[in-house]
Each structure stands twice: as structure tokens, then as C-alpha cells.
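Take a look at the structure below.
The values are calculated or read from the model by the stated rules, or taken from the named source; none is laboratory data. Everything quoted here is computed from the prediction, not taken from an experiment. Reconstructed Cβ throughout: ideal geometry from the backbone, glycine too, with neighbour counts over all protein chains shown. The protein model used for the area step is the full one, side chains on, heavy atoms only, and it has no ligands, DNA or RNA in it. Shrake-Rupley method; radii C 1.70, N 1.55, O 1.52, S 1.80 Å.
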Amino acid sequence: MKRSTLRHEVRRLSYGGTVTLSAAPAGSIIIEGWSRNEVEVSAEIELEASTAEDLDLLLMVNNFIVDEDANHIRILTTGSHDKVFMKRVAKNFPKSLLGLPWRIDYRIKVPAITDLTIDAGNGPIKLSGVEGAIRLNALVSIADLTLTGGIVSATVQSGAINVAIPARGWHGLGADIKLASGKLNVDLLPGFNADIDAQVMRAGEIKSTYANLEPRERNSITPRSMRARAGTGGATLMFTVGDGTIEIRPASTKPEPEGQ
């Protein structure tokens, strides 16, 4: 048996506040910036079990809570994956239910100027319309990141990262995007201004069809390493892949994002 449960929560949050998401081991995440001083959380919780009674038990633990204090909203997934949580609140939980598949798909809207911390498991991620101090960690994902500024640190272990920057320059200190294994695509507008550092650590290569890149130093653009300047330069954007490829492309002619 499968059961899907929808939850909807709204909390007040001023611009410049912080949102922390501790996501489920599996499930999609969509985070969008908007003009309201609110955080809106919509979540679909999908459970599987043999009986309706078992589904009721699972919903009691495989869920999420919203915790808030001064200008900080925490969205914390609870569940059978968390041994500390289970020992604290569900000591006599049936062991036969612990390994059953479940997921939470999150869709979250936050003020456009917000600091974000996202810890994710396995599933696609889409982030757009937010500037701030952003930290993202994910295990396996196709991550579509539409970014215009802030201080961004994103690490994905396996999958693909598609970075689109719909601006002529970066509004902030810079970004550090890392992918352990897979493909990292970067789409830049014509006339974009920034310093670009890219590196493939082991197996793979860097490809560029973006015409406006010049080496910052002699011989600083190679098949596996790049220290380049776009336009007049600016904030430093760093892209690193362990095994795989980095492709820097003009946004106006980009194909469908990887994995779409």
C-alpha cells in the first residue's frame, strides 16, 4: 500500500533571515525566492507499508517539524533513518517497518534575501530567486541552481549540477560549486563579468563554448584547469569536479539541462 499526505505550513520571516532545511533521505526539493516576508512550506509525504495501520505508525515518525526563533526558520525532517530520534520518541517502533521506502517532496518559498542551509539526500533540487549566504550539501542529485549573487557553497556527491546566472555580474562575494562525480554545466549571459576558476581533479575535462573568457595568467587555461576572466572580471566563481566534466556555455544557446 502507498499513501501520500500533503502538509502546508506558513511562518513569518523578515528579509535577511535564515532558513535551514534538513531534508529526507529521498525526495525532491524546490526552493524559490519571493517578495513576501514569509516562508511557505508545501510537502508531500509518500509512505509504503502492508497495512493502513502500519502507514499510520510510519506517518507518526516519517514527517517534519518547523522550529522557529528570532529570524530563523528550521524545517527538520524526522524519521526512521534517524536513530537518535527513534530512540527518543519511538523506542518500541516495529523493526519490520524501519527499512520501508519513503520520501518527502518539498516546495518552499522564502524571502528573496535569505540565508539558506540545505542538507539533502537523494533527489532533484531546484533553487532560484534567492540571494544570501547559501550552503547546499546533497548526496545524489540533479541540481538546477539559478543564481545571481550572495556567498554560495554547494557540494553534490554524484549526479549533475546545472548553474545558470541570469545577470551580467555576480551580486556578492562569489561561489564555490563542487561535484564529486558527474557533469557540471555553467550557463553565462553574453557580457558577463567575473573571474572563473575551474578544475577537474582526476578524470575528465573542461569544455568551453563561451567566447568571452580570457586567461588571467599565462597558460592558465588547460583541458583540466582554468583561471579565466569573463569581461572585466569581478567576483570569483569556483567550479570543481572530481571525476567528470565541466562545461561553460553561453546562456542564449544552452540545450536542456543535464538529466532533464
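Things worth noting here:
- Of the strands (runs of 3 or more DSSP E) that lie entirely inside segment 1-81, those containing 1 or more residues that are open to solvent by 40 Å² or more (accessible area, probe 1.4 Å) and among the charged types (D, E, K, R) span 2-12, 29-34, 38-48, 63-69, 72-78.
- Close pairs from segment 1-20: first free of Cβ contacts under 8 Å to residues at least 60 places away in the same chain and among the hydroxyl-bearing types (Ser, Thr, Tyr), partner in a strand (DSSP E or B) and open to solvent by 60 Å² or more (accessible area, probe 1.4 Å), Cβ under 8 Å, at least 6 apart: 4/44; 5/44
- Matching residues, segment 165-220, being within 24 Å of residue 136 (Cβ to Cβ), free of Cβ contacts under 8 Å to residues at least 40 places away in the same chain and either small (Gly, Ala, Ser) or touching an Asp or Glu at 6+ places or on another chain (Cβ under 7 Å) (or both): 167
- Exclusive hit being open to solvent by less than 10 Å² (accessible area, probe 1.4 Å) and either assigned to a strand (DSSP E or B) or free of Cβ contacts under 8 Å to residues at least 40 places away in the same chain (or both), set 141, 96, 153: 141
- Only one of the numbered conditions (1) in contact (Cβ under 8 Å) with a residue 24 or more places away in the chain; (2) among the hydroxyl-bearing types (Ser, Thr, Tyr); (3) open to solvent by 60 Å² or more (accessible area, probe 1.4 Å) is not met by residue 106, and that is (3).
- Look at (1) over 21 Å from residue 156 (Cβ atoms); (2) touching a Leu at 6+ places or on another chain (Cβ under 6 Å) and you find that residue 222 fails only one, number (2).
- Within segment 159-260, strands (runs of 3 or more DSSP E) holding 3 or more residues that are of a type in the set (A, V, I, L, M, F, W, C): 171-188, 194-200, 225-230, 236-250
- For segment 229-244, the criterion of being closer than 23 Å to residue 160 by Cα and either loosely packed, with under 14 Cβ neighbours inside 10 Å or free of Cβ contacts under 8 Å to residues at least 60 places away in the same chain (or both) is met by none of the residues.
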